[in-house]
1. Got a number for residues in the range 131-183 being under 30 Å from Leu86 (Cα atoms) and either assigned to a loop (DSSP other than H, G, I, E, B) or not acidic (Asp, Glu) (or both)?
2. What number of residues in the range 85-121 are assigned to a strand (DSSP E or B) and either over 22 Å from the mean Cα position of the chain (by Cα) or surrounded by 17 or more Cβ atoms within 10 Å (Cβ to Cβ) (or both)?
3. Pull up the range 60-82, narrow it to residues that are of a type in the set (Gly, Ala, Ser) and either part of a helix (DSSP H, G or I) or under 19 Å from the mean Cα position of the chain (by Cα) (or both), then point me to the one that is surrounded by the fewest Cβ atoms within 10 Å (Cβ to Cβ).
4. Which one is surrounded by the most Cβ atoms within 10 Å (Cβ to Cβ) among residues in the range 1-56 that are aliphatic (A, V, I, L, M) and modelled with pLDDT of 75 or more?
5. For the range 158-186, enumerate the residues that are β-branched (Val, Ile, Thr) and without any contact (Cβ under 8 Å) to a residue 60 or more places away in the chain.
Amino acid sequence: MSARDNILARVRRGLGLRGDKPGDECILVEEHIRQNHRGPRPAYKWDKEADRFQKRSEMLGTTVDRIATLSEAPAAIARYLKAKELPLNGVVWPGLKHMDWTGAGLSFAAREAHADDLVGVTGAFCAISETGTLMLLSGHDTPAAVSLLPETHIAIVDVQRIVPGMEEAWDLMKAERGLPPRAVNFVSGPSRTADIEQTIVIGAHGPYRVHVVLYGSADFQ
């Protein structure tokens, strides 16, 4: 028995669990997870997921733009950056490098973010209408730093990927990905903290601005 196994066996005995290895208990735990027991949640009171998501996002300080198709996103992002007098260069998820950034007058490098990148453009695995939250999964084409390091985070979101709540977001992740990636990040508006004298500070641990570009049918659900 290795030192690790010996320590875990002693812990199990201290907890009053029989045997040195989990054995059938692992099967019971996995079955419990598969059954996906749900706790209480608020009543579902909205009709259109996209409208609910936009309303909740704006309450958190996120700005939202609505466009018809994904191909319009570069031009929409260029308009936003010019209106805010922000840099027209930055970093974009490698998974979005195929889009016509140059044609929109933008210069975005398809890579993970560096400390001097001021604008980061990402997609989102899905969005949660109940809380106005983006769910981002890390990966080779979706590096987490692009949404965390730049002062301005812009996310492109398909309205068909908006789900009602956190439960549905995890269900979708398990259905499409199986096991979770190395990191799952939830973004609910610009970074903020009130740790010092209960004074709200924006951008303390992440972007000062979050802007979402929603594309797809305005009649979604």
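The values are calculated or read from the model by the stated rules, or taken from the named source; none is laboratory data. Quick caveat, the model's predicted, so the values are computed rather than measured. Cβ atoms come from the backbone with ideal geometry, glycine included; neighbour counts cover every protein chain shown.
1. Result for the range 131-183: 32.
2. So the count comes out to 10.
3. Checked the range 60-82; the qualifying residue surrounded by the fewest Cβ atoms within 10 Å (Cβ to Cβ) is Ser71.
4. Ala50
5. Correct list: Val184 only.
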